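Novice: Pasting a structure here, questions to come.
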Amino acid sequence: MSANSLPEGAANWHSLEVERALKLLNSNADSGLTPQEIEQRLQKYGPNELEESGGRSPWEILLDQFKNIMLLMLIAVALISGILDLMAWRSGNLKPGEVPFKDTIAIMAIVILNGVLGYVQESRAEKALAALKKLASPLVRVIRNRQVIEVAGKELVPGDMMLLEAGVQVAADGRIIEASNLQVRESALTGEAEAVNKQASMVLPEETDLGDRINLVFQGTEVVQGRSKVLVTNTGMKTELGKIATMLQSVESEPTPLQQRMTQLGNVLVTGSLILVAIVVIGGIIQARGFSNLQELLEVSLSMAVAVVPEGLPAVITVTLALGTQRMVRRNALIRKLPAVETLGSVTTICSDKTGTLTQNKMVVQSIYTGDRHAFRVTGEGYTPTGDFLLNEQKISADERPDVLALLVACVVCNDSVLQKQNADWAIIGDPTEGALLTLAAKASIEKDQWNSKLPRVAEFPFSSERKRMSAICRVEQVATGEQSLTSVDPALAGLVASEPYIMFSKGSPEIVLGRCTQIYLGDRAVSLTEEQRSQILAENDTMASKGLRVLGFAYKPLAEIPPEGSEETYEQDLIWLGLVGMLDAPRPEVRAAVQECREAGIRPIMITGDHQLTARAIATNLGIAQESDRVLTGQELQRMSDQELEQNVDLVSIYARVAPEHKLRIVQALQRRGRFVAMTGDGVNDAPAIKQADIGIAMGITGTDVSKEASDMVLLDDNFATIVAATKEGRVVYTNIRRFIKYILGSNIGEVLTIAAAPLIGLGGVPLTPLQILWMNLVTDGLPALALAVEPPEPDVMKRPPFSPRESIFARGLGSYMIRIGIIFAIITIALMWWAYSHTHAPGYQGDRDAWKTMVFTTLCIAQMGHAIAIRSNNRLTIEMNPFSNLFVLGAVVVTTILQLMLVYVPPLRDFFGTHWLSPTELWICIGFSALMFVWIELEKLFLRLMGKKSV
Ligand code: ATP
C-alpha cells in the first residue's frame, strides 16, 4: 500500500495496534522512510507547518495606533483649526491666496501617517519576530533510510520515525512505537500542567478523550522525561494543534518598558502644554485687557499643542529597536522578546552554565582509571576514533585487559548518542559527553552497534540533571554452541555477565555512582569495596577534576529480571564499581577576553554547573571568573542554606558546582533580592523556571531544549558566553542612542514651545510658526537627524562603565535637566533672533515682506537643530575630536535637511504651500549665525564638564 492511499478514516490512531499503524502508513520502525517516499509525501501532505493566525486583526492593530493621548490631542487641534478656518472662510476673512483647511488636512495627514506607520511597523515587527522564531525552531531526530539524522521540524512527513527525548518539543502528532519512562507535558493542548505518562503497548477505545490518549504524542507538547520512538501520523494543520491553531504561534509583542515610559511621557507633555496654553491665553487676555486678541491666542495655543508632540519619536524608537535586534542576531544573539534589546544593557550579573557556554562542549577523554589502581592515559584528538591507551606510558591493548574492556563496554552500552563519519569528519549526534565515550571505546574497537546486539537494551533509568546519572538495562543474549549455552559476549567479560540474564550499566557523577556501590570489579571478579578503595577512587577523581577534567563514574549490576518503571531507587543500589573516565572540555578561546570585558563593564560573571567543584574551579580560574582562593558553593551546601543565608552569600560566590536546576532558581531569586539585574543561561527542561525568573533568560540555540527556548528572552545561536557579552554591549548602545535622540528631539520641542509662547507675551503681533511648519520641523528636520543618531556607533567607553539601573527614569542622569536647559537656551537664541528679526522687518524702509521675521524664526529653529545633531553625537568628546565620517548618516541627514529647508524658502510653490517668505542672503546668514550659537553652546558645555572633571552619560 502506498502512503497516498492513507485512509481518511485513519484518524483514530490510538485505537490501532502499532503494527497496524505502521502498515497503514507504510513505514518501518527500524529503517524509517526512504528519500523517495519522503519526497512523495512532502508533495502530498505539504510541509509540517502551522499557518499563522491568531493575534490581533489588522483593524485592531490599526485602531490601537490611535489610542495615544498625543495623537488624540493632534486630532483635537486639527478639528479646532478646521472650525477656525471654516469661520474665516464663511465670513470671507481668508487672506488672499490662502488655502483653507491646510493645517487641518496636514495634521490629519500626519495623524493618519503616524497610524499607518505604526501599523506597518507593528505588523513588520510581528513578522520579523515570527521569522526569528522559525530560525530558532528546533531540529528533530528521525530515522530515515536506516540512519539516525536530524531534520528541520517542517520537513517531517506522516510515516517518519521520530525520536524523542527529555526537553524536546514534539514536532508532529504520532503513535508511540517504543517508550521508556516517557512523560509529556500537554498543557499547550489540554491546559493540564501535570505531565502525562505515555506508553506504547496500549490500544485504547475509539472514544478515548484527547487527554487520555496515552499511546499518542501531540505536536507542541513537551517531553519532560524519558525517551521514545514515535511514528508520525499527522503533520501541519492536520495535527491536533493545527486544528486549534489560533492559540499558539501568536507572537509576543509586549510593549517594551521604554514604550510604556513613552506613554507616560506623552501624558506629561500633553498636561504640560495645556498648562502653558492656559498661561499664555490668560496672560494674553490680561495684557490686552480683553478678548480682542482671542483669535491670535487660539492660533498660538494650537501651534503650541502641535509643537509639544514629538511626532517623529515613536517611529525612531521602533526603528532603533528593530535595528538593535538585527545587529544582535548578526552576533548570534536572537532576541525573542523585544524589551530584552533595551534592558540587556542593564545586566549586572551573568550566570552562565559551564559546559558548552564557557567551554567548547567538544569532549575528549584524556584518562581512565579502572578498579582502584590502574590509571591509563588516552591519546587522540576530537571525535576521531584513533588513539592509544598508555599505562605508565607503555602502550597496551585494551582487549587484553578485562578491566578496561568492561569499562569501555559500559561506555557504549549505557549511551544514547551516535558517532558517525560525516564526509571526512567524525561527528556525534547527541550529548558530546557520551560522544566522547563512544570515541574512546572505538579506539579499542568497541563499537556501539555491535554491542547493542550482544547486549540489547531492554529498559533504562534516564539521565537528568537532578539525578546526575543514568542506567541502561540490557539482556545478555544467549548463543547456543553445541550442547552448551554461552553468552555471546567476549569470554573476557564472562565474569561480568555470566550469572544473570540481565545486566544494568550505570554511569554518572562519580561520587553518586560510587556512593551506590558495595563491590568493585577487579578485572576478573567482583569483590567487596573497602573504605580504603573508596577513598583511593575519590582521591583519583579529585586529581582528575582539579586538572579541569569532567569525570564520570561507571558501575554495573547483574539483574535477574527487568526492573519496572520508576524503580530506580531500589535497583540503582549495591552496584559493582568499574572505574572513572576523565574528559577534557577545553574552554572556548574567546571567553577569557569576554570575562575581562565583563569585569571592566561592572558585570559579574558567575559559573553555575552540574559538574564537580574542582573541575568547575579549575575552569573558572583559567577563564578569570574566579580566583584560586575563591569559595565554591556546592548544591548540597546550598540545599542546607535558608533563603536569607543564601542572600548573604550570593554576592561573594562566583562558582556554584554540583547544582541541580532548582538551585538555579534560588540563586537568581537571591541575586534579584540583592537588587542585581540577572541574565541566566540554561538548556534543560528544568532550567525553564530559572530562565523565566531571570531578568534576561537565555537559552542555548544548539544544545538547548525547546522548552528552555520557549521560556527565554534571548537564544544564543552559538551557545557562547562571549555572545552574551556582545549582546549586552549592543543593548547598551541601543539604550544610549535612544536617550540621545530623546534629548535631541525633546530639547527641540521645548525650544519651539517656549519661542511660540514668547511671541504674544513680548508683544509681537502674530504667531511665528504655523502648525504645518511645526509638523515639518518635528517630522523632517528633527526626524531625519534623529534616525541617523539612532545608528550612532558605540562610544569607546561603552563597556568601561558600570551598568545603569533598568528601572531608572528616562529622565535620569541629567537627561531631564539637559532637555530643559537646552530647550531654554534654544528658546533664548531664537527669541533673540525673533526680536531682532521683528525689529528689522518692521523698520521703516524695509523692502521685503514684513512677515519675513517668522520665516527667519522658522529657519533658525531648523538650522540650529543641525548643529545640535552634530554636537550631540558624543556626550563627552568634542566634535573636533570625533571622526565626522564615523556616522555618515548624521552628516547626510544634516545636508539633506538643510537643503530641504532652503527649498521651502526659495522654491516658490513650496514657499506658497508652507506659508514661508523669501529671505535675503543677509537675513539667511544672520539665521545661520544665530543657529551656530546652539552648537557652540553644547560644545562649551562639554568642555566645561570636562574641566570640572565630570563625565556626562
Ligand atoms: P553545566 O550545568 O555547566 O552544563 P554539566 O553539563 O556538568 O554542567 P549536567 O548536564 O546537569 O551539568 O550534568 C551534571 C552531572 O551529571 C555531570 O557533571 C556528570 O557528572 C553527570 N552527567 C552528565 N552527562 C551525563 C550522562 N550523559 N550520563 C550520565 N551522567 C552524566
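Novice: Collect the residues in region 759-792 that are open to solvent by 30 Å² or more (accessible area, probe 1.4 Å) and either under 22 Å from Tyr735 (Cα atoms) or among the aromatic types (Phe, Trp, Tyr) (or both), keeping them in residue-number order. Working first, answer last.
Specialist: The first filter runs over region 759-792 and keeps only residues open to solvent by 30 Å² or more (accessible area, probe 1.4 Å), leaving 761-763, 765, 770, 776, 779-780, 784, 787, 791.
Trp776, Leu779, Leu784, Leu787, Val791 - these are the residues of region 759-792 that are open to solvent by 30 Å² or more (accessible area, probe 1.4 Å) and either under 22 Å from Tyr735 (Cα atoms) or among the aromatic types (Phe, Trp, Tyr) (or both).
Residue-wise test of (1) β-branched (Val, Ile, Thr); (2) in contact (Cβ under 8 Å) with a residue 24 or more places away in the chain.
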{"site": "Thr781", "(1), (2)": "yes, yes"}
{"site": "Leu784", "(1), (2)": "no, yes"}
{"site": "Ala812", "(1), (2)": "no, no"}
{"site": "Ile820", "(1), (2)": "yes, yes"}
{"site": "Gly823", "(1), (2)": "no, yes"}
{"site": "Leu833", "(1), (2)": "no, yes"}
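Novice: Looking only at residues that are of a type in the set (Phe, Trp, Tyr) and in a helix (DSSP H, G or I) in region 811-853, which one is most open to solvent (accessible area, probe 1.4 Å)? Steps first, answer last, please.
Specialist: Taking region 811-853 first, the residues of a type in the set (Phe, Trp, Tyr) are 811, 818, 826, 835-836, 838, 846, 853.
Narrowing further to those that are in a helix (DSSP H, G or I): 818, 826, 835-836, 838, 853.
Details: Tyr818: 19, Phe826: 4, Trp835: 162, Trp836: 88, Tyr838: 56, Trp853: 1 Å².
Per the stated criteria, the residue is Trp835.
Novice: Take the residues in region 666-683 that are open to solvent by 10 Å² or more (accessible area, probe 1.4 Å) and within 16 Å of the chain's Cα centre (by Cα), then tell me which one is modelled with the lowest pLDDT. Can you show your working first?
Specialist: Applying the first criterion (open to solvent by 10 Å² or more (accessible area, probe 1.4 Å)) to region 666-683 yields 666, 669, 672-677, 683.
If we keep only those that are within 16 Å of the chain's Cα centre (by Cα) too, we end up with 677, 683.
Numbers: Phe677: 92, Asp683: 84.
Filtering region 666-683 for residues that are open to solvent by 10 Å² or more (accessible area, probe 1.4 Å) and within 16 Å of the chain's Cα centre (by Cα), the one modelled with the lowest pLDDT comes out as Asp683.
Novice: Looking at (1) surrounded by 17 or more Cβ atoms within 10 Å (Cβ to Cβ); (2) modelled with pLDDT under 80, which is the only condition Ser123 fails?
Specialist: Condition (1) is where Ser123 drops out.
Novice: So for region 383-406 (the condition being buried (at least 24 other Cβ atoms within 10 Å of the Cβ), aliphatic (A, V, I, L, M) and within 16 Å of the ligand (Cβ to nearest atom)), does at least one residue qualify?
Specialist: Taking every residue of region 383-406 in turn, none turns out to be buried (at least 24 other Cβ atoms within 10 Å of the Cβ), aliphatic (A, V, I, L, M) and within 16 Å of the ligand (Cβ to nearest atom).
Novice: Inside region 515-542, can you point out the residues that are within 16 Å of the ligand (Cβ to nearest atom) and assigned to a helix (DSSP H, G or I)?
Specialist: Within region 515-542, the first condition is being within 16 Å of the ligand (Cβ to nearest atom), and the residues that meet it are 515-517, 537-538, 540-542.
Passing the criteria: Gly515, Ile537, Leu538, Glu540, Asn541, Asp542.
Novice: Go through region 564-575 and give me each residue that's open to solvent by 10 Å² or more (accessible area, probe 1.4 Å) and touching a residue at least 24 places away in the same chain (Cβ under 8 Å).
Specialist: Initial filter on region 564-575 (open to solvent by 10 Å² or more (accessible area, probe 1.4 Å)): 564-571, 573-574.
Across region 564-575, the qualifying residues are Glu565, Gly566, Glu568, Tyr571, Gln573, Asp574.
Novice: Determine, yes or no, whether Thr348 is open to solvent by 10 Å² or more (accessible area, probe 1.4 Å), in contact (Cβ under 8 Å) with a residue 40 or more places away in the chain and of a type in the set (Val, Ile, Thr). Can you show your working first?
Specialist: Details: open to solvent by 10 Å² or more (accessible area, probe 1.4 Å): yes; in contact (Cβ under 8 Å) with a residue 40 or more places away in the chain: yes; of a type in the set (Val, Ile, Thr): yes.
Against the criterion (open to solvent by 10 Å² or more (accessible area, probe 1.4 Å), in contact (Cβ under 8 Å) with a residue 40 or more places away in the chain and of a type in the set (Val, Ile, Thr)), Thr348 qualifies.
Novice: On to the next question. Among the residues of region 413-434, which ones are out of contact with any Phe, Trp or Tyr (no Cβ under 9 Å at 6 or more places or on another chain), in contact (Cβ under 8 Å) with a residue 60 or more places away in the chain and aliphatic (A, V, I, L, M)?
Specialist: Residues satisfying the conditions are Val418, Ile429.
Novice: Could you list all residues from region 316-357 that are under 15 Å from the mean Cα position of the chain (by Cα), in a strand (DSSP E or B) and more than 16 Å from the ligand (Cβ to nearest atom)?
Specialist: Once the filter is applied, which keeps residues that are under 15 Å from the mean Cα position of the chain (by Cα), in a strand (DSSP E or B) and more than 16 Å from the ligand (Cβ to nearest atom), region 316-357 yields Ala333, Leu334, Ile335.
Novice: Examine region 429-444 for a residue that is assigned to a loop (DSSP other than H, G, I, E, B), within 14 Å of the ligand (Cβ to nearest atom) and touching a Ser or Thr at 6+ places or on another chain (Cβ under 9 Å), and state whether such a residue exists. I'd like the intermediate steps shown before the answer.
Specialist: Start the filter on region 429-444 by keeping residues that are assigned to a loop (DSSP other than H, G, I, E, B), which leaves 430-431, 443-444.
Subset that is within 14 Å of the ligand (Cβ to nearest atom): 430-431.
Among the residues that remain, those that are also touching a Ser or Thr at 6+ places or on another chain (Cβ under 9 Å) are: 430-431.
Yes: one or more hits.
Novice: Name the pairs: first residue in region 594-612 and in contact (Cβ under 8 Å) with a residue 24 or more places away in the chain and part of a loop (DSSP other than H, G, I, E, B), second residue within 16 Å of the ligand (Cβ to nearest atom) and of a type in the set (Lys, Arg), Cβ to Cβ under 7 Å, at least 6 apart or on different chains?
Specialist: Partner pairs satisfying both residue conditions: Thr609/Lys354; Gly610/Lys468; Gly610/Arg658; Asp611/Lys354; Asp611/Arg550; His612/Arg658.
Okay, residues lined up against (1) at pLDDT 80 or above; (2) crowded, with 18+ Cβ neighbours inside 10 Å:
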residue: Val111; (1), (2): yes, yes
residue: Lys133; (1), (2): no, no
residue: Ile143; (1), (2): yes, yes
residue: Val148; (1), (2): yes, no
residue: Gly153; (1), (2): yes, yes
residue: Leu164; (1), (2): yes, yes
residue: Gln169; (1), (2): yes, yes
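Novice: Any idea which of (1) closer than 30 Å to Asp687 by Cα; (2) open to solvent by 10 Å² or more (accessible area, probe 1.4 Å); (3) without any contact (Cβ under 8 Å) to a residue 60 or more places away in the chain is the one Pro456 doesn't satisfy?
Specialist: (1)
Novice: Whether any residue in region 585-595 is away from the ligand (no atom under 16 Å from the Cβ), in the same structural domain as Val668 (by TED's automatic domain parsing), open to solvent by 10 Å² or more (accessible area, probe 1.4 Å) and hydrophobic (A, V, I, L, M, F, W, C) is what I want to check.
Specialist: yes
Yes/no per residue for (1) in contact (Cβ under 8 Å) with a residue 40 or more places away in the chain; (2) touching an Asp or Glu at 6+ places or on another chain (Cβ under 9 Å); (3) small (Gly, Ala, Ser); (4) over 30 Å from Lys743 (Cβ atoms):
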| position | (1), (2), (3), (4) |
| --- | --- |
| Gly312 | yes, yes, yes, no |
| Ile317 | yes, no, no, no |
| Leu323 | yes, no, no, no |
| Arg327 | yes, yes, no, no |
| Leu334 | yes, no, no, yes |
| Thr343 | yes, yes, no, no |
| Ala375 | yes, yes, yes, yes |
| Thr384 | yes, yes, no, yes |
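Novice: Determine, yes or no, whether Lys709 is modelled with pLDDT of 90 or more, within 15 Å of Ala340 (Cβ to Cβ) and out of contact with any helix residue (DSSP H, G or I) (no Cβ under 7 Å at 6 or more places or on another chain).
Specialist: Details: modelled with pLDDT of 90 or more: no; within 15 Å of Ala340 (Cβ to Cβ): yes; out of contact with any helix residue (DSSP H, G or I) (no Cβ under 7 Å at 6 or more places or on another chain): yes.
It is false that Lys709 is modelled with pLDDT of 90 or more, within 15 Å of Ala340 (Cβ to Cβ) and out of contact with any helix residue (DSSP H, G or I) (no Cβ under 7 Å at 6 or more places or on another chain).
Novice: So if I check each of Leu522, Leu549, Leu538, Leu559, which one is outside the structural domain of Ile655 (by TED's automatic domain parsing) and crowded, with 23+ Cβ neighbours inside 10 Å? Break it down stepwise before answering.
Specialist: Numbers: Leu522 fails: crowded, with 23+ Cβ neighbours inside 10 Å; Leu538 fails: crowded, with 23+ Cβ neighbours inside 10 Å; Leu559 fails: crowded, with 23+ Cβ neighbours inside 10 Å.
Sole residue among the options that is outside the structural domain of Ile655 (by TED's automatic domain parsing) and crowded, with 23+ Cβ neighbours inside 10 Å: Leu549.
Novice: Whether any residue in region 674-688 is in contact (Cβ under 8 Å) with a residue 24 or more places away in the chain, away from the ligand (no atom under 16 Å from the Cβ) and either in the same structural domain as Ala307 (by TED's automatic domain parsing) or over 30 Å from Ser817 (Cβ atoms) (or both) is what I want to check. Show your work before the answer.
Specialist: Kept after step one, since they are in contact (Cβ under 8 Å) with a residue 24 or more places away in the chain, are these residues of region 674-688: 674, 676-687.
Filter once more, keeping what is away from the ligand (no atom under 16 Å from the Cβ): 674, 676-678.
Those left that are additionally either in the same structural domain as Ala307 (by TED's automatic domain parsing) or over 30 Å from Ser817 (Cβ atoms) (or both): 674, 678.
Yes, the conditions are met somewhere in region 674-688.
Novice: Return the only residue of Glu808, Glu795 being modelled with pLDDT under 85, of a type in the set (D, E, K, R) and crowded, with 16+ Cβ neighbours inside 10 Å.
Specialist: Numbers: Glu808 fails: crowded, with 16+ Cβ neighbours inside 10 Å.
That would be Glu795, the only listed residue that is modelled with pLDDT under 85, of a type in the set (D, E, K, R) and crowded, with 16+ Cβ neighbours inside 10 Å.
Novice: So which of Ile870, Ile831, Ile880 is assigned by TED's automatic domain parsing to the domain that holds Ile745 and either within 27 Å of Pro760 (Cβ to Cβ) or in contact with a strand residue (DSSP E or B) (Cβ under 9 Å, 6 or more places away or on another chain) (or both)?
Specialist: Numbers: Ile870 fails: either within 27 Å of Pro760 (Cβ to Cβ) or in contact with a strand residue (DSSP E or B) (Cβ under 9 Å, 6 or more places away or on another chain) (or both); Ile880 fails: either within 27 Å of Pro760 (Cβ to Cβ) or in contact with a strand residue (DSSP E or B) (Cβ under 9 Å, 6 or more places away or on another chain) (or both).
Exactly one of Ile870, Ile831, Ile880 is assigned by TED's automatic domain parsing to the domain that holds Ile745 and either within 27 Å of Pro760 (Cβ to Cβ) or in contact with a strand residue (DSSP E or B) (Cβ under 9 Å, 6 or more places away or on another chain) (or both), namely Ile831.
Novice: Considering only residues of region 603-627 that are more than 16 Å from the ligand (Cβ to nearest atom) and in contact with a Ser or Thr (Cβ under 7 Å, 6 or more places away or on another chain), which is modelled with the lowest pLDDT?
Specialist: If we filter region 603-627 for residues that are more than 16 Å from the ligand (Cβ to nearest atom), which is where we start, we get 603-604, 624, 627.
Narrowing further to those that are in contact with a Ser or Thr (Cβ under 7 Å, 6 or more places away or on another chain): 603-604, 627.
On the way: Ile603: 95, Arg604: 95, Gln627: 84.
Applying the filter and picking the extreme gives Gln627.
The values are calculated or read from the model by the stated rules, or taken from the named source; none is laboratory data. Values in this document were obtained by computation on a predicted structure and should not be read as measured data. Neighbour counts run over all protein chains shown; Cβ positions are idealised from the backbone, glycine included. Surface accessibility is based on the protein's heavy atoms, side chains included, excluding ligands, DNA and RNA. Shrake-Rupley method; radii C 1.70, N 1.55, O 1.52, S 1.80 Å.
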